[in-house]
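Notes to accompany the following structure.
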Amino acid sequence: MFIIGKFFKRIFDIFSSFLAIVLLLPIWLIIPIAIKCDSKGPVFFKQERRTKNGRVFKMLKFRSMVVNAEQTGAGLFNYKDDPRVTKVGRFLRNTSIDELPQLFNIFKGDMSVIGPRPCVKYELGDFDTLNKRYKKRFEMKAGLTGLAQVKGRNDISWDEKVNYDNQYIDNFKKHGIFTDIRILWLSVIKVFKKENIYENKSDENLDDIEASKLAEEEIIRLAHLPDSDADEESGSDEGEKKL
C-alpha cells in the first residue's frame, strides 16, 4: 500500500501543481508588481529548507517581509503585528498567497502537496543528532500543507506539530492517497477561515526577540532529547488518532 500510495502521490503532485501553475497565471503577473511597488527587494524569497531524509533544497515564497528579515527582530518567528512584514506581505500571509510559489518546488519534486512542512535548514539544530521522533517526520517529502496545519497551524507548538506529522506518515502508510485528499480539503477550509496565521508567545510579557529566542532554544532542546525522554514528553504512546 505504501509504495503504491507514493506512486499515486507523485502523479497527483505533478498533475495538480502543473494545473495550478497554469490556472494561476494572473497571480504570477499581478503579485510581483504589487511586491515591487510596495517595498525594495526581490519578488521571491528563497530559503534553505529540509525535505525527505533531511535533504536541503531552496524553497520559494513570495517575499512578504523586508529584505534580510531573518537576521533581524524575531528571526524565524512571526508574531502578530510583526514590523518586518510589508503592507502587501500582510495580505499575502493572511490569504496564504505567499506560499503559492512552492507549486514549482512540488512540480520539480522537492516537495509534495501534502506532507510535513519543511523546516528551515538550521531550525532544529544538527540534523544528524535529532532523536528518532523528530527524524521520523523526514520519512516523507515536505508538503505545502499537512495534518499539523489543519490541526492548528501556528497555534500549536513545534512538538505538537511533530506528533501530527508522524501521525500523518503512519496514516499514509495505511490509507495512501485518501489521507492526502482529506487533508487537502481541510486545508482549503482552513485558508478561507484565515485561522492561526501568527505564532503564539509562551509568555505575552516578552517582546518578540525574547520570545523567539526562548522558543528556538526549546525547539532544539526537545529535538535532541534522548529517545526515551522524547517519547515520554510527547506522550507519543497515545496511539493513532483520527484526522
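The table below gives the values:
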| read-out | value |
| --- | --- |
| Yes/no for GLU195 being modelled with pLDDT under 90, buried (at least 17 other Cβ atoms within 10 Å of the Cβ) and outside any helix (DSSP H, G or I) | no |
| Cβ pairs under 7 Å, 6+ apart, first in segment 26-38 and in a helix (DSSP H, G or I), second among the charged types (D, E, K, R) | ILE35/ARG63; ASP38/LYS87 |
| Single condition ASN53 does not satisfy, out of (1) on the phi > 0 side of the Ramachandran plot; (2) buried (at least 20 other Cβ atoms within 10 Å of the Cβ) | (2) |
| Test: ARG137 is out of contact with any strand residue (DSSP E or B) (no Cβ under 8 Å at 6 or more places or on another chain), in contact (Cβ under 8 Å) with a residue 12 or more places away in the chain and on the phi < 0 side of the Ramachandran plot | yes |
| Where GLY143 falls short, out of the listed (1) outside any loop (DSSP other than H, G, I, E, B); (2) in contact (Cβ under 8 Å) with a residue 40 or more places away in the chain; (3) under 24 Å from ASN53 (Cβ atoms); (4) within 13 Å of the chain's Cα centre (by Cα) | (2) |
| Among (1) in contact with a helix residue (DSSP H, G or I) (Cβ under 7 Å, 6 or more places away or on another chain); (2) of a type in the set (Phe, Trp, Tyr); (3) assigned to a loop (DSSP other than H, G, I, E, B), the one test that PHE172 misses | (3) |
| Answer residue from segment 74-88, given it is assigned to a loop (DSSP other than H, G, I, E, B) and out of contact with any strand residue (DSSP E or B) (no Cβ under 9 Å at 6 or more places or on another chain) and is modelled with the highest pLDDT among those | PRO83 |
| Count - residues of segment 111-125 that are in contact with a helix residue (DSSP H, G or I) (Cβ under 9 Å, 6 or more places away or on another chain) and farther than 16 Å from PHE12 by Cβ | 9 |
| Qualifying residue in segment 169-189 (condition: under 23 Å from ARG84 (Cα atoms) and in contact (Cβ under 8 Å) with a residue 60 or more places away in the chain) | no |
| Failed criterion for ASN105 (all others in (1) within 30 Å of LYS174 (Cα to Cα); (2) in contact with a helix residue (DSSP H, G or I) (Cβ under 6 Å, 6 or more places away or on another chain) hold) | (2) |
| Lone unmet requirement of (1) closer than 30 Å to ILE33 by Cβ; (2) more than 12 Å from the chain's Cα centre (by Cα); (3) not small (Gly, Ala, Ser) for PRO118 | (2) |
| Selection count where residues are surrounded by fewer than 21 Cβ atoms within 10 Å (Cβ to Cβ), part of a loop (DSSP other than H, G, I, E, B) and touching a residue at least 12 places away in the same chain (Cβ under 8 Å), scope segment 110-129 | 5 |
| Residue in segment 43-59 that is more than 20 Å from ASP13 (Cα to Cα) and assigned to a loop (DSSP other than H, G, I, E, B) present | yes |
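The values are calculated or read from the model by the stated rules, or taken from the named source; none is laboratory data. On a predicted model such as this, the values are computed, not experimentally measured, just so you know. Backbone-built Cβ (ideal geometry, glycine too); neighbour counts: all protein chains shown.
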